[in-house]
1. Could you let me know the centre-to-centre spacing of the stretch 292-322 and the stretch 130-177, using Cα atoms, in angstrom?
2. For the pairs 123/343; 123/183; 78/293, note any where the Cα-Cα span goes beyond 27 Å.
3. Residue 123 to residue 32: FRET efficiency via 1/(1 + (r/R0)^6), r the Cβ-Cβ distance, R0 45 Å, to the nearest 0.05?
4. Charges at C-beta only: +1 for Lys and Arg, -1 for Asp and Glu. How large is the resulting dipole of the stretch 9-144 about its Cα centre, in Debye rounded to 20?
5. For the chain, give the magnitude of the charge dipole about the Cα centre (Cβ charges: +1 Lys/Arg, -1 Asp/Glu; no others), in debye to the nearest 20.
6. Which of the GluC sites (Glu not before Pro) across the stretch 242-332 are loop residues per DSSP, with 16 or fewer other Cβ within 10 Å?
7. Which of 315, 338, 326 sits closest to the plus end of the dipole of the stretch 284-348, meaning its Cα is farthest towards the positive end, when Lys and Arg get +1 and Asp and Glu get -1 on the C-beta?
8. Taking just the C-alpha trace of the stretch 310-360, give me its Rg and Dmax in Å.
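Since every read-out is calculated from the coordinates, none of them should be taken as a lab result. Just so it is clear, the structure is predicted and the values come from calculations on it, not from any experiment. Note that we place each Cβ from the backbone using ideal geometry, even for glycine, and neighbour counts take in every protein chain shown.
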Amino acid sequence: MEYKIALIRGDGIGPEIVEEAVHVINTIGRRYGHQFIYTDVDLGGCATDKYGVSYPEGTAEKCKACDAVLLGAVGGPKWGPDKPAEQRPETALLAIRKDLGLYANLRHATLRPALVDASPLKKETAEKGIDIMMVRELIGGIYFGKRGRYETEDRGVECTDLMAYSEMEIERIGRRAFELAQKRHKRVASVDKANVLETSRLWRATMHRIAADYPDVELEDVLVDNCAMQLVRDPSQFDVIVTENMFGDILSDEASMVTGSLGLLPSASIGSHAPALYEPIHGSAPDIAGQDKANPIATILSVAMMFKYSFDLPQESEAIEQAVDAVLAAGWHTADTMGSDDKLVGCQEMGRLICEELER
Ligand code: NAD
């Protein structure tokens with residue numbers, strides 16, 4: 001089979017980690033007889049330097065012509081908040097998600113067996129295991145709501161950010177969560193703040209309405225503050241967690257952190273029609289860019305998710321996961337996950353070891 005992949009290498013460590021992911025994709029191609037065709041797409045700070053804007057015209061069209069998109073990371077101090085919106089990398093990230101209609105963000109927070117010691121949780125808690133599929137609504141809610149800033153007579157400047165959700169938006173993300181749970185352990189925790197927010201009351205009512213279509217899945221309501229506590233107390237209790245954009249932004253970072261390293265976790269952003277976008281959950285790490293120190297594993301595991309969800313190649317996806325675990329179990333680590341008995345490797349060597357394992 002032939003698959004077209006758009007590569008957004010981006011800024012900071014982006015180009016280094018995407019390069020290693022491409023080596024892994026090519027190795028899979030050779031082993032399993034697939035052909036991959038790449039289209040390079042400029043987006044982020046590198047696009048601002050080249051074209052004056054972080055989201056050049058035609059970016060979405062280039063991505064839509066492919067079967068999936070792989071993104072490294074964008075951003076850095078050079079294109080900070082003092083720059084006009086059209087030059088900032090974050091503007092481009094929001095725009096590509098919106099233009100591709102990527103309403104569901106899936107983060108798979110797993111504690112890899114070789115990294116139990118890297119988790120900040122108590123050993124007995126970590127050893128119970130973590131395998132959470134975090135499903136975050138990505139293109140609605142307060143991040144996309146109307147904003148306002150105005151002078152008041154007696155309180156100085158006042159600002160507003162509007163959080164709005166429609167039944168349609170809640171239902172489509174809710175159905176994604178139930179469908180994922182059906183393929184996993186059949187439990188959905190729906191996170192809201194229904195004791196305070198009207199949007200959350202609609203969220204809860206909608207989730208319960210659609211739950212009737214998935215009788216094999218158990219639905220539980222969890223308040224967002226309680227969820228934040230439970231994630232550190234006993235994350236093993238969760239299977240699929242589904243929530244709105246801002247709660248998901250915060251909780252998915254927390255869920256990632258308890259697994260030990262940001263450098264290990266992949267994500268997928270999925271819509272109804274356009275190609276899905278796969279990216280590591282970490283940022284562009286400008287502090288280590290260009291030094292061959294970055295951990296490419298989150299990007300490589302993003303490729304594993306791409307094979308599973310966009311190309312329906314579960315065997316290839318599994319092979320990548322197993323190769324990563326084998327390399328880590330053999331004690332090879334980049335600096336961010338290194339323990340005292342481990343052997344230090346750089347980004348390129350880590351990529352090479354994973355490819356070598358795949359060739360075995
Ligand atoms: P970050 O994730 O880039 O870095 C946080 C820390 O983790 C740093 O010490 C970094 O060196 C380390 N780190 C991150 N990824 C690593 C990896 N693969 N291997 C080894 N160490 C790694 O977060 P930040 O410092 O808050 O943000 C830096 C830039 O990235 C900012 O411009 C931010 O806007 C951007 N950012 C981009 C995305 C994205 O592209 N989706 C996401 C988050 C942040």
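1. Between the Cα centre of the stretch 292-322 and that of the stretch 130-177, the gap is 30 Å.
2. Distance filter (> 27 Å) returns 123/183.
3. After rounding to 0.05, the efficiency reads 0.75.
4. Here the size comes out at about 320 debye.
5. Result for the chain is approximately 420 debye, rounded to the nearest 20.
6. Details: sites: 244, 254, 316, 318, 321; in loops: 244.
Hits after loop and neighbour filter: nothing returned.
7. Looking along the dipole axis, the top candidate is 338.
8. Gyration radius and largest Cα-Cα distance of the stretch 310-360: 12.1, 39 Å.
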